[in-house]
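Participant: Attaching a single structure in structure tokens format; questions to follow.
The values are calculated or read from the model by the stated rules, or taken from the named source; none is laboratory data. Nothing here was measured: the structure is a model prediction, and the numbers come from that model. Here the Cβ positions follow ideal geometry from the backbone for every residue, glycine too, while neighbour counts run over all protein chains shown.
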Amino acid sequence: MQLLAVPMASSGGSSFTLLLPLILIVGMIWFMSRTQRKQRDRQAQTVAALAPGAKVVTTSGLVGIVEETDDEYVTLEISEGVLVQVVKAAIGRVVPDEEAADETADAAEVDEPATEDLAKDTVDVPDAGKDKADGKVQDAPTLPPTHTEN
């Protein structure tokens with residue numbers, strides 16, 4: 001009994017098909033690191049722009065007003081006369097001023113329809129409720145079908 005080794009036929013695109021997953025993985029890693037770098041830069045700008053009087057929320061959810069900033073720490077007033085010192089990296093976000101928030105809320109507010117428009121949308125059914133003693137119309141509850149009919 002004699003075994004013969006037959007070489008496998010190679011296709012021209014096999015090297016590309018092996019490199020494609022590697023290229024995709026490298027691309028995903030690059031994209032994720034780029035996104036994280038942008039977030040870190042945005043956080044660094046937020047922390048660098050801290051000024052006394054700004055209302056901030058820490059990453060742990062503590063809300064306070066900045067009283068003093070240092071190289072490493074920020075002193076927050078979390079209640080009247082209660083000061084807490086936190087690391088600058090713990091500042092999650094700066095809460096916008098209420099005046100600026102009110103202006104943007106007023107601009108984004110949607111006009112509510114007038115009562116005249118609502119009156120046009122209602123339908124008057126003259127014979128509704130004649131069979132009920134109290135004049136209220138209530139639909140009988142219906143159960144969903146238990147089977148389908150062909």
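Participant: Condition test on residue 42, is it modelled with pLDDT under 90 and charged (D, E, K, R)?
Facilitator: When the stated conditions are applied, residue 42 passes them.
Participant: Would you mind stating whether residue 43 is surrounded by 11 or more Cβ atoms within 10 Å (Cβ to Cβ), under 24 Å from the mean Cα position of the chain (by Cα) and part of a helix (DSSP H, G or I)? So that I can check it myself, show each step before the final result.
Facilitator: Details: surrounded by 11 or more Cβ atoms within 10 Å (Cβ to Cβ): yes; under 24 Å from the mean Cα position of the chain (by Cα): yes; part of a helix (DSSP H, G or I): yes.
Yes.
Participant: Taking the residues in region 70-118 that are within 17 Å of residue 43 (Cβ to Cβ) and under 24 Å from the mean Cα position of the chain (by Cα) as candidates, determine which candidate is modelled with the lowest pLDDT.
Facilitator: 96
Participant: Of the conditions (1) without any contact (Cβ under 8 Å) to a residue 12 or more places away in the chain; (2) surrounded by 12 or more Cβ atoms within 10 Å (Cβ to Cβ), residue 91 clears all except one; give me its number.
Facilitator: All conditions are met except number (1).
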